[in-house]
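Shown next, in structure tokens, is the structure this report addresses.
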Amino acid sequence: MDLIPVILAVMVSAEPVLGFGMDPNFQIDVTTELDLDYARTGVAQVPGLYNNSKAYLFQDVKRQIQAAPHIAEKVIQLLRNKSEFTIVATVQQNSLTSGVILSIHESDLRYFELESSGQRDEIRYHYRFNGKPRTEVFPYRLADGLWHQIALSVSASHLLLHVDCNKIYERVIDPPQTNFSPGISLWLGQRNSRHGLFKGILQDVKIILIPNGYIMQCPNLNRTCPTCSDFLNLVQGIMDLQELLAKMTTKLNYAEARLSELESCYCEKTCQVNREVYRSTESWVEKCKNCTCKNGAIECRRVMCPPLNCPPDYRPVYRPGQCCKECRPICLYGGQKLAEGQRALKANCRECRNRTMAIVHETCPTLDCPLIEHIQPENRCCNVCRGHDFCAEGHPCGENSECWNLNTKAVCVCKNGFTPIQGDAAHCEDKDECANGTHYCHAYTVCVNLPGAYHCDCRPGYTRVDDYSCTTFCEGGCRNGGSCVAPQMCSCPPGFTGNGCQIDIDECAGGIIQCHEHARCVNLPGWYHCECRAGYHDNGSYSFTGETCIDIDECGTETHSCWNDSVCVNLEGGFDCRCPVGEHCTGDCPHDEGLKFNRQVWTLRDDRCSVCSCQDGRIFCRRTVCDCHNPNVDLFCCSECDTRVTSQCLHQSGHLVYRSEDVWTYNCQECRCLQGEVDCWPLTCPVLSCEYTTIPEGQCCPHCVSDPCLADNMVYDIRQTCMDNLGISRLSGSIWKMDGTPCTTCKCKNGNICCSVEVECLYNN
């Protein structure tokens, strides 16, 4: 059945849900849940945006606005495994400050965090995807001292950002991870007790769990179309039904097998064989085996036969009712040597008996096959039909051998893992693959022989990969994509060092990287790249060393600032304004809808720390030169001169202290200390043009890969399905366990089946 038309039909028939009487199960008012009306250090009640509304001033002091465990658990329960949610807030943030509006995290793992940076004029959304951190950055000035309404809506991989009821950003992102574990904490107006302190007023901070929850803040914005999550919920429902069908099939097969076992079960602790009941410890002989009943279980061992050394005119043969061969005299007849009991057909049927070929009067049965299909079995007188089942007539093959039908007789063949005893395949003994070197145990294993088989055990310090292989084990693991090459020994990838590959190598600082003169080296965790310098841009073909950085023609693209009669002249990495002739060729500069005179110097209206000058039609701006020896230095602009303890910052780990203006890298972010406040933003990664990319473990930027199974940026197309080993059609993006191998997990990636084996599962099973 084609699933796509069904899904689309359901979606078309779906009615959008609107209404403002919110079920409490679909909305959480965080400011109300935290009881901010009661006295809390660093928070005070103030008038809100609307008349008679309450808001809360978050002051620039040490505070700890954290939800109680039962409140945090309530929020987590409502958010857990949800793909549709909206965070709304009304804020008035102090100018040029940075802080966190709402944070849901566990230690360093930020599952949801909404942050506003006044230092970089950015709104940031931090989340996790498949265990890896993700950050979406939206350039916008929220920290301007004015009231704003902000709503961030997530629907599976679809994100909307509204500010003041205007949609300013719409993006496709990796679906946020909401399978929260117990112990997660919720903070309002800060990340934790030391970092991300919001400075300003917060009002109506809510979590809404309905599609397009921003309409609760902006009722005039209507919703007309199903969301991405609506569509994916329908798809997920079909996937769940497929998974349920596969599981029910497996359980039904298991139940039938169990019922079959129960039918043959005897309740007492006795043993039943061929309708004979034997008590515990009672023994008997059956099919050449000595058997004993032991507490309801039958244990049988083959009757051991003595070795035979028959004279030349004797042969070892089985006699009726005997388990072992005996040496019996042979008969000579018609040039043939016949063993006792064997027959030959000449004029009549004769059988070898005690060296004599005795005549046997045997009535042969009527055969139900054409004459051409009649064959004479070996050492017998009566014909049989071709394809006759000789094994069904009875055979001497023991428990470790099997009876095989040939064209004219039956023979015994040893089972796999066994070898004939004294050359007789009717009775076979275990073949020691470990001793004779016929096993497949690989490196780091020890071969252990078993009856009819063998097992590969891991050596101490190694862990299992599959039935035949083991790999090295390093306690604590090898970080940043390193591999364990020997017990407790990591081999680190390029860019990292240390016992656990935990230390990043700064390739740029070491001088070992030479970028093109038009580019500069930018260090990244475990990596680096060459970034075009100011005045240059990449020509589109992208060279890792920056050779494709070419000059920006500011004159041709009209991005220069030359004024009146001055002429723009393009230079390598810049431009110049020249005045050849003309009464209006003054060298003045246009600025902020006004005019600055040539040689004029001024301070920017919105940035008191920047000084600009007009030089022959060009505007040059620079940061104020800081003289830390000057007692009157402006610490707001020269924070690096600020030696006060209150201006220092604590590293996220809590073990390092930074001075104001210090910069460091943490969790794929670049962080800066500014007068006691830590501001972090995502590292800038080069733009890749390949179809599939992946972010290697321990690194921050994506690399190109050709195999779709290795990609982690896949956009799933449910029209491209996969057929699993049970013949079930799987939608793209669905995950299932391979039938018969519980440690193998498979995923459909746009028509490609990608499977992986869980090492821990193999080790435990």
Exercise. Using a 1.4 angstrom probe with every protein chain in place, what is the largest-first accessible-area order of THR745, THR559?
Worked result: THR559, THR745
For this session: Treating the angle as unsigned and between 0 and 90°, give the value, to the nearest 10°, between the Cα long axis of helix 3-13 and the longest Cα principal axis of the chain.
Result: 40
Problem set entry | Inter-site label distance for THR559 and ARG459 at 7 Å from Cα along Cβ, in nm | 6.0
For this session: Return a whole-number percent for the relative contact order of the range 24-124, with Cα pairs under 8 Å and 6 or more residues apart as the contact set.
Result: 16
Problem set entry | Helix-only mean residue ellipticity at 222 nm for the chain, each DSSP H run of n ≥ 4 adding -39500 (n - 2.57), per residue, nearest 500 | -3000 deg cm²/dmol
Exercise. Between ILE421, CYS397, GLY437, whose Cα lies farthest towards the positive end of the dipole of the range 383-441 when Lys and Arg beta carbons carry +1 and Asp and Glu beta carbons carry -1, centred on the Cα centre?
Worked result: CYS397
For this session: Taking H placed 1.01 Å from N in the peptide plane, check which residues at least 5 places from ARG730 or on another chain put their amide H under 5 Å from its amide H.
Result: CYS722, MET723, ASP724
For this session: Keeping all protein chains in position, work out how much accessible area ARG141 exposes to a 1.4 Å probe, and write it in Å² to the nearest 10.
Result: 110
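Just reorder PHE26, PHE112, PHE544 by solvent-accessible area, largest first, 1.4 Å probe, all chains present.
PHE26, PHE544, PHE112
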Problem set entry | Rounded percent of accessible protein surface that carbon and sulfur make up, the chain, 1.4 Å probe | 52
Problem set entry | ³J(HN,Hα), Karplus 6.51/-1.76/1.60, whole Hz, each residue of the range 186-191, x for Gly, Pro | 10, 10, 10, x, 5, 7
Exercise. In debye, nearest 20: dipole of the range 235-296 around its Cα centre with unit charges on the Cβ of K, R (+) and D, E (-)?
Worked result: 260
Exercise. What does the accessible area of ILE201 come to, in Å² to the nearest 10, when a probe of 1.4 Å is used?
Worked result: 20
Exercise. With all pairs of different alpha carbon atoms counted, what Kirkwood hydrodynamic radius in Å does the chain show?
Worked result: 35.0
Exercise. Using the alpha-carbon atoms, what tilt in degrees (0 to 90, nearest 10) does helix 69-79 show relative to the longest principal axis of the chain?
Worked result: 70
Exercise. Say the dipole of the range 60-151 comes from +1 at the beta carbon of Lys and Arg and -1 at that of Asp and Glu; which of GLN149, LEU114, PHE129 then lies farthest toward its positive end?
Worked result: PHE129
Exercise. In nanometres, what is the gap between the two model label sites at GLU73 and ASN233, each 7 Å from Cα along Cα-to-Cβ?
Worked result: 2.7
For this session: For helix 228-263, report the angle its Cα long axis makes with the longest principal axis of the Cα atoms of the chain; keep it between 0 and 90° and round to the nearest 10°.
Result: 20
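Counting only protein chains, not ligands or nucleic acids, how are GLU677, GLU33 ordered by accessible area (probe 1.4 Å), most first? Write down the numbers at each step before the final one.
Values: GLU677 25, GLU33 55 Å².
These residues rank, largest area first, as GLU33, GLU677.
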Exercise. At a probe size of 1.4 Å, how large is the accessible area of ILE753, to the nearest 10 Å²?
Worked result: 80
For this session: Send over a whole-number figure in Å² for the accessible area per residue of the range 476-528, probe 1.4 Å.
Result: 54
For this session: Please give the per residue accessible area of the range 618-765, computed with a probe of 1.4 Å over protein heavy atoms only, in Å².
Result: 57
Exercise. Can you give me the relative contact order of the chain as a percent, contacts being Cα pairs under 8 Å and 6 or more apart?
Worked result: 6
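The values are calculated or read from the model by the stated rules, or taken from the named source; none is laboratory data. Bear in mind the structure is a predicted one, so any value in this text is a computation, not a measurement. Here Cβ is always computed from backbone atoms with ideal geometry, including for glycine, and neighbour counts include all displayed protein chains. SASA here: full protein model, heavy atoms, side chains in, ligands and nucleic acids out. Shrake-Rupley method; radii C 1.70, N 1.55, O 1.52, S 1.80 Å.
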